[in-house]
Amino acid sequence: MNSHQAGPLALVGSGEYLPIMADIEKGLIADRAPRYVQLATAAVPDGPAVVEKWHRLGVEQAERLGVTPVILPVATREHANDPEIVKLLDGAGLIYLSGGNPNYLADTLRDTALWAAIEAQWRSGAALAGCSAGAMVMAAWVPTIRHPREGGTPGLGLLSHLRVIPHFDAFLKRMPDVATRFLVGRDDDVTVVGVDEQTAIVGGPEEWMVQGTSSAWILKGAERHEYRTGETLLTPLSVANL
């Protein structure tokens with residue numbers, strides 16, 4: 001993966017657009033064009049009111065940061081191939097995929113003009129962030145959250161060496177076997193990373209710093225290795241990921 005000119009990546013456990021996460025988003029867009037591009041596509045299955053909520057929160061966060069919010073109204077693959085919508089990405093400083101249904105998000109963006117343009121903007125220096133569903137789809141495979149053993153969907157493949165479990169601390173309380181569930185079907189070259197709520201790993205694609213209020217975790221079988229805020233974790237690329 002040639003990313004020497006690429007912008008930073010952020011994989012966020014939860015909390016997109018909330019004031020408590022503003023410093024992370026401020027750091028991502030710092031010294032970049034003040035255009036904050038936002039996609040709430042993952043929330044589409046929850047209905048228009050939920051999508052509008054994310055749009056409102058995104059605009060409010062952009063206003064806190066003193067930058068221009070740019071909302072991409074993408075609900076379908078047709079939207080994701082619409083040249084007028086794709087053009088809205090031009091000059092982005094930060095592109096953010098917010099949370100919701102990761103399988104729907106991956107199926108809507110995969111192999112579209114919009115995703116190709118997002119990746120091109122990132123490789124040209126824009127920051128790229130995904131929260132919850134938005135973080136999960138960066139991988140090559142997205143398990144079905146409630147029933148990972150029952151399958152999933154191909155991800156967007158930007159970070160094919162990772163599998164991300166957002167809301168890790170919350171999931172662990174409700175489903176103590178969550179780590180085992182998400183390991184199903186994992187390739188040996190894939191690193192599984194859990195990211196707690198209101199926490200992010202920032203940097204990438206191999207070296208990340210933990211930011212936010214809690215921790216990130218690397219999962220190896222039944223073992224969990226904790227990385228606290230301010231610490232660095234590594235997710236090495238294999239030959240297959242290059």
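Where a number appears in this text, it was derived from the coordinates with a stated rule and is not lab data. Note that the structure is predicted; figures quoted are calculated from it, not measured. In this analysis, Cβ positions are derived from the backbone assuming ideal geometry, glycine residues included, and neighbour counts consider all displayed protein chains.
Tabulated values for the structure
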read-out	value
From phi via Karplus (6.51, -1.76, 1.60), per-residue ³J(HN,Hα) for the range 11-16 in Hz, x at Gly/Pro	10, 10, x, 5, x, 3
Residue order, fewest to most surrounding Cβ atoms within 10 angstrom, among W122, W208	W122, W208
Estimated [θ] at 222 nm from DSSP helical runs (n ≥ 4, -39500 (n - 2.57)) normalised by residues in the chain, nearest 500	-8000 deg cm²/dmol
Under Karplus coefficients 6.51, -1.76 and 1.60, residue-wise ³J(HN,Hα) of the range 53-58 in Hz, glycine/proline x	4, 5, 4, 5, 4, x
HN-Hα J in Hz across the range 89-106 - Karplus 6.51, -1.76, 1.60, θ = phi - 60°, x for Gly and Pro	6, 3, x, 5, x, 9, 10, 10, 9, 8, x, x, 9, x, 5, 5, 4, 4
Paramagnetic reach from E84 in the range 114-140 [backbone N under 17 Å; point 7 Å along Cα→Cβ]	114
Long-range amide H partners of R35 with built H, under 5 Å	T68, G93, L94
Percentage relative contact order, the range 9-235, counting C-alpha pairs under 8 Å, at least six apart	21 percent
Mean separation of Cα contacts under 8 Å, 6 or more apart, over the residue count of the range 16-84: relative contact order %	39 percent
Structure-derived Rg and Dmax of the Cα atoms in Å - corresponding label in (i) 16.4, 47; (ii) 27.8, 81; (iii) 17.6, 58	(i)
